[in-house]
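A short worksheet on the structure shown next.
The values are calculated or read from the model by the stated rules, or taken from the named source; none is laboratory data. Not measured: the values here are computed from a predicted model. Neighbour counts are summed over all protein chains in view; Cβ atoms, including those assigned to glycine, are modelled from backbone coordinates with ideal geometry.
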Amino acid sequence: MNGWKSSAMGNVVVITGVGMVTSLGQSPEEIFKALLEGRTGIGPIEGFPTEGFTTKTAARIGDLDPKALGISRRDARIMDTHAYMLVKCAKDAFAHAGLDGESAPKDGIAFFAGMGCVDYRVEDLLPAIHASMSNDGSIDYGKFYEEGFREIYPLWPLGMLNNIAFCLATIALGVRGENTVFSPDADSGAQALSEAALSVAEGRAPQALAAGVSEKVSPLNIARASLSGILGKDTCRPFSSDRDGTILGEGCAVLALESGLSAKQRGATPLARITGHGEAFSIGDSVPDSKAIARAMQTALEGAGLRPSDIDVLIAHGDGTPAGDRSEAEAVNQVFAGADRLKVYSSKGALGHMLAASSVVDTALGIQMLRTGAVPPTLNADPIDGSINLNIVAGKAVKMDIRRVMVSCISHEGQCAALIVEAAG
Amino acid sequence: MPEEKRRVVITGHGMVTPLGMDSEETFSNASEGKSGIDYLKAFDTTGLPCRIGGEVDDGKLEEFERSLPKTKLKRYLSRGMRFMRVATHEAAGQARLGDIEDRSGIGVALGSHGDNTAVQDIMALHRFYDGEGHWDMQGLMRAGGYPYGDFFRRKSDVATAVLSMLYDLGGPNVSIVSACSAGPQAIGEACYMIRSGRCDVMVAGGCESTLNFVGFVGFVLITALAERYATPQSASRPFDRKRNGFVMSEGAGALILEELKHAKHRGAPILGELLGYGSSADAYRITDTHPKGLGAVLAMSAAMEDASLGPEDIDYISAHGTSTQQNDLTETRAIKEVFGERAKEVPVSSVKSMLGHPIAAAGAIEGILALMGINRSVMLPTINYENPDPRCNLDYVPNEARTQEHRRVLSNSFGFGGQNACLVVGKYEG
C-alpha cells in the first residue's frame, strides 16, 4: 500500500505551529475568517497586462516587504514572491510553535517543502538583450555571447534554481536537519507533509517543518497553465455545472510538526494530529482516473486505522476543471459510499489553485475547521453539478462537530495524494 | 515491539555519462583514469571564460534511442530525461522490472530540474516585450506563439510522469529539485518509502543537462566554473592545490531499489545494499558553504547513524570533490571532523575529476560507481592530482585506480545553497 500506517509509526505526530499567506490574508485566522464570510481572493490581474490571455484573473497576494522579513537587499535581488512567502510563513510557523527560542536544538529540525517551477523574470535579462542589439534592431548573437551576458546580475542564476528559496528559508531560521524539495504540483506539498510527519514519527527528527509554496503568478506561469488547458475564463467554480477550469492563486503554508512528547516537553500546544497519508499514480492518463484518487484516499484511511464514516469533512482538490472534479467526485463516491454526513469543501473557488501550496494550505484550513467546528462555503459552486452526488458545503458556512478532516490533492500529470488530520485531544 | 526493519537492496542500475552510454563502459573508462571532459560542441562558447564541459555524445544517444521502443511521449522529453530513459532501460533490464506483477507497488523518485529556457526562446519572447511590463500578445501569436513542449520540458513532474508511463509504474511518484543533492535525496526518499512499507520497488536516481547557453552562462556568472586550465582533460582537479572551479557535465543515473524479501522472492539479482541515507542544510550563506563544513558533518553523521555504522565501518569515501577551492577544503575538514584519527586512513576520491559535475545526476552516478567498485574491489581514482594542497592532506587515491577489497562506501553530495545528502552503500552480505 502506498501510504504509512500511523499505528506502526512510533511517535504520535502533532502540529504545533502554522504560518499561512494567501490572497485573503497573512495569517490562518484572518484567512479562515474571510473564507467563512464568503469572500473571494480572485480578481483581475494587475501589475502586468493580460490582453491576449483568455484568463485575466488570479488570486494574488499583496506585496510582502523583504525588509520587514529581515531579508538583506543582496538576498532580495535573487528572491521573488515565492521566496518571500516561504520565509514569512516559515518564520510565522516557527514562532507559533515556539521553536524560535531555545526550546529545541535547531541543528536537528527537519524541513521539507513542495515548490513550484521557477520562471525567469524578463526584466532580469533585458539589459543583456539591449546590449546585444544590432543597429537594425535584431539580436547579434556574437555580441550576446561576448559582452551582453555580462549585463546580467551575477547571482541571477541562483534565483533560477528551484531550491534557492528553500535554502534561504533554512538560513532565516537556522535549521539544519534533514530536508528535501519536491516539485512542482499539488502532490509535492502533500509529499513534504508526509515526509515531515514520517521523519517525526520514526524519530529521525524531533521537530519538522512542512511547506507548500505556490508559483508567483506571472505571464509565463499563466501561459503554461493556459497551454495545459486547465484554466477557466474568469473564476474557479468547483463542482458547479458551470465549471470551466481553474484559476491560479498565490499562497504558501508552513506547518510545524513534532512528536507528542516533544510538544509536551517544550510546553507547545498541539493544534491537531496528522494520522494518515496515501498516494497513487494513475498510469496512462493526463487526468488521474478515479481509481488512483480513490486508492490514495483508501490508503490514507487504512493507515490512520479509520473507516470512511469517521471522516467529517473532505477538503477536496476540487480545482474546477470539468474532468478533474468529475474524477474526484467518482472517487469520493467509491470510497465514502454510504457516508452520508461527509461534508465536501473546496477552497479553490476563493483562493484559486496554488499548485504545490494548495495541499498544505488546505491542511492548515482543516486545522482551523477542527478548532472552530466551522466549514466555509465553497464559492461559486452554485449551481451544483447534479451528477456528482456529493454534500458540497455551499452558499453559507456550516457549524458542526468536526473531529477528522481528509485533504485530497491531484496533480495535472497524474499524481494523487490524501492526508488526514484529527483533533488534537 | 517494532517490526523488523525492511532492508533495501539494489537490483539494477544504469547510467549515461560523458565516459559511456552504460554503467560498464563508464566504470571501465573511469578505472583507467580517462577524462570525459572536452571543449563544448553544443553551442558556440567564443568569448566565454570557460569553454569546456562533459558532454554526452549526441550520435550515440540518438543511436541508442533508435533501439528503444517508439514512444509518442518523445516531444515531452528534456535532454536530461532522454538520458534518464536510457539509464532506466539498462537498470530495468538488469532488475527484470517488467516481470513484477503488482505495478502499484513500484514508484519513481527522480532528481531533475527540467530544461532551461533556450536562448532562442528568450530572444524570441523579448521581441514581443517592451521592457515595461507590456507584451505584444497578438504579435507573439502571429509568430507562432510559445511552443507547448518547451514549457513541459521545464516541469520536473513531467519527467517522473513520463517514466511512470514508459514503465507502467503506479506507486508513489515524486520529483525532487534540490540542485546537486537532488539525485541522492531522491534515492534517500525512495529508500524511506520502501522501508516504511509504502511500496516495494522504486526507480530512483537523477538526470541533468545544463550544457546549454542559459544553464552554462549562469554558472559562468557565479564564477563557479574552472577558468584556468592547460587542457580540458586536466581542468577538473579535485583536492589539487591548483584547482580553480568545477567543470559542468551532463548525464543520468538510475537505480532499482527493492525491499530485500521482495527481491529474494522473485529471484532478482541483488547487487548491493543501500544501508543509510542522511541529509542536512548548511543554513549559512546562500553563496558559500559553512566554513567548518557543519552541514557536511551533519549529513555524513546522519547517513552513518541511519546505517547503524560508525566511522570505523566505512572503507572508502566517494567525495563530492567538485574541484572548487571552497568545497574541497570544506569537505576535507568535515571528513576530518567526522572520522577523527581515522580520516587519513580512509581512501577518498572524486570521480568528478573524470566526469565533471552533472548536478542532479552526480550523486546517483557516483553512488552506482561506488557500488560497482565494491563488487569489483576497485577504488576509482582522483585524476589530475599533481600539486598537493597542505590543507587537503587525505588519501585521495591519486591518478590511478586502486585494487582493494572494501565493503562499505560513504557517498557525499553537497549542493548549491547548502543542501547536503549522503548515502552509505554496502556489499550485500546476506
| request: Could you figure out which of (1) touching a helix residue (DSSP H, G or I) at 6+ places or on another chain (Cβ under 7 Å); (2) in a strand (DSSP E or B); (3) more than 14 Å from chain B (Cβ to nearest Cβ) isn't true of A:Glu279? | output: (3)
| remark: Reported set for the range A:80-106 where residues are within 11 Å of chain B (Cβ to nearest Cβ) and either in contact with a Gly (Cβ under 7 Å, 6 or more places away or on another chain) or more than 16 Å from A:Thr170 (Cα to Cα) (or both) is A:Lys106
| Looking at (1) within 7 Å of chain B (Cβ to nearest Cβ); (2) in contact with a strand residue (DSSP E or B) (Cβ under 9 Å, 6 or more places away or on another chain), can you tell me which one A:Asp140 breaks? | (1)
| message | So for the range B:216-236 (the condition being at pLDDT 95 or above, among the aliphatic types (A, V, I, L, M), over 23 Å from B:Ser181 (Cβ atoms) and crowded, with 23+ Cβ neighbours inside 10 Å), does at least one residue qualify? | response | yes
| Residue within the range B:297-313 that is touching a Ser or Thr at 6+ places or on another chain (Cβ under 6 Å), touching a residue at least 12 places away in the same chain (Cβ under 8 Å) and within 14 Å of chain A (Cβ to nearest Cβ) present | yes
| Which of the residues belonging to the range A:325-349 are within 18 Å of A:Leu419 (Cβ to Cβ) and either assigned to a helix (DSSP H, G or I) or polar (S, T, N, Q) (or both)? | A:Glu328, A:Ala331, A:Val332, A:Val335, A:Ser346, A:Ser347, A:Lys348
| message | On the basis of being assigned to a loop (DSSP other than H, G, I, E, B), touching a residue at least 60 places away in the same chain (Cβ under 8 Å) and farther than 30 Å from B:Glu227 by Cβ, does B:Arg6 make the cut? | response | yes
| task | Residue by residue through the range A:146-172, note down the ones that are within 21 Å of the chain's Cα centre (by Cα) and more than 7 Å from chain B (Cβ to nearest Cβ). | result | A:Gly159, A:Ala165, A:Phe166, A:Ala169, A:Ala172
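Would the range A:12-23 turn up any residue that is within 14 Å of chain B (Cβ to nearest Cβ) and modelled with pLDDT under 95?
Within the range A:12-23, the subset within 14 Å of chain B (Cβ to nearest Cβ) is A:13.
Retained after the next criterion (residues that are modelled with pLDDT under 95): none.
Checked the range A:12-23: no residue is within 14 Å of chain B (Cβ to nearest Cβ) and modelled with pLDDT under 95.
Here is a yes/no grid of residues against (1) modelled with pLDDT of 95 or more; (2) closer than 30 Å to B:Ala87 by Cα; (3) touching a helix residue (DSSP H, G or I) at 6+ places or on another chain (Cβ under 9 Å):
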{"position": "B:Leu275", "(1), (2), (3)": "yes, yes, yes"}
{"position": "B:Arg285", "(1), (2), (3)": "no, no, yes"}
{"position": "B:Ala299", "(1), (2), (3)": "yes, yes, yes"}
{"position": "B:Asp313", "(1), (2), (3)": "yes, no, yes"}
{"position": "B:Tyr316", "(1), (2), (3)": "yes, yes, yes"}
{"position": "B:Thr322", "(1), (2), (3)": "yes, yes, yes"}
{"position": "B:Gln326", "(1), (2), (3)": "yes, no, no"}
{"position": "B:Val346", "(1), (2), (3)": "yes, no, yes"}
{"position": "B:Ser350", "(1), (2), (3)": "yes, yes, yes"}
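Of everything in the range B:45-59 that's under 23 Å from the mean Cα position of the chain (by Cα) and surrounded by fewer than 14 Cβ atoms within 10 Å (Cβ to Cβ), which residue is farthest from A:Gly142 (Cα to Cα)?
Residues of the range B:45-59 under 23 Å from the mean Cα position of the chain (by Cα): B:50-59.
Now drop any that are not surrounded by fewer than 14 Cβ atoms within 10 Å (Cβ to Cβ), which leaves B:58-59.
Details: B:Asp58: 24, B:Gly59: 27 Å.
Ranking the qualifying residues of the range B:45-59, first place goes to B:Gly59.
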| said: Quick check on my filter: what residues within the range B:284-316 are closer than 30 Å to A:Asp75 by Cβ, part of a loop (DSSP other than H, G, I, E, B) and out of contact with any Asp or Glu (no Cβ under 9 Å at 6 or more places or on another chain)? | reply: B:Tyr284, B:Arg285, B:Thr287, B:Pro291
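Of all residues in the range B:391-403, which are in contact (Cβ under 8 Å) with a residue 60 or more places away in the chain and either assigned to a loop (DSSP other than H, G, I, E, B) or buried (at least 24 other Cβ atoms within 10 Å of the Cβ) (or both)? It would help to see each step written out before you state the result.
In the first step, residues of the range B:391-403 are kept if they are in contact (Cβ under 8 Å) with a residue 60 or more places away in the chain; the result is B:391-394, B:396, B:399-401.
Within the range B:391-403, B:Arg391, B:Asn393, B:Leu394, B:Tyr396, B:Asn399, B:Glu400, B:Ala401 qualify.
Consider A:Gly352 carefully, then state whether it is buried (at least 24 other Cβ atoms within 10 Å of the Cβ) and either under 18 Å from A:Ala417 (Cβ atoms) or not assigned by TED's automatic domain parsing to the domain that holds A:Cys236 (or both).
Numbers: buried (at least 24 other Cβ atoms within 10 Å of the Cβ): yes; either under 18 Å from A:Ala417 (Cβ atoms) or not assigned by TED's automatic domain parsing to the domain that holds A:Cys236 (or both): no.
Answer is no for this residue.
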| query | Is at least one residue of the range B:309-324 within 20 Å of the chain's Cα centre (by Cα) and over 29 Å from B:Thr231 (Cα atoms)? | reply | yes
| request: Assess whether A:Glu413 counts as being among the charged types (D, E, K, R), assigned to a helix (DSSP H, G or I) and in contact (Cβ under 8 Å) with a residue 40 or more places away in the chain. | output: no
| task | Give the number of residues within the range A:38-60 that are away from every other protein chain (no Cβ under 14 Å), over 30 Å from A:Ala294 (Cβ atoms), in contact (Cβ under 8 Å) with a residue 24 or more places away in the chain and over 16 Å from the mean Cα position of the chain (by Cα). | result | 4
| Matching residues, the range B:13-62, being assigned to a loop (DSSP other than H, G, I, E, B) and of a type in the set (Ser, Thr, Tyr) | B:Ser35, B:Thr45, B:Thr46
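Within the range B:369-389, how many residues are on the phi < 0 side of the Ramachandran plot and either of a type in the set (S, T, N, Q) or assigned to a helix (DSSP H, G or I) (or both)? It would help to see each step written out before you state the result.
Residues of the range B:369-389 that are on the phi < 0 side of the Ramachandran plot, as a first pass: B:369-376, B:378-383, B:385-389.
With either of a type in the set (S, T, N, Q) or assigned to a helix (DSSP H, G or I) (or both) added as a condition, the list becomes B:369-376, B:382, B:387.
Here the count works out to 10.
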| Can you find a residue in the range A:100-116 that is surrounded by fewer than 18 Cβ atoms within 10 Å (Cβ to Cβ) and either of a type in the set (Val, Ile, Thr) or touching a Lys or Arg at 6+ places or on another chain (Cβ under 6 Å) (or both)? | yes
| the range A:236-252: number of residues that are small (Gly, Ala, Ser) and either without any contact (Cβ under 8 Å) to a residue 24 or more places away in the chain or outside any loop (DSSP other than H, G, I, E, B) (or both) | 3
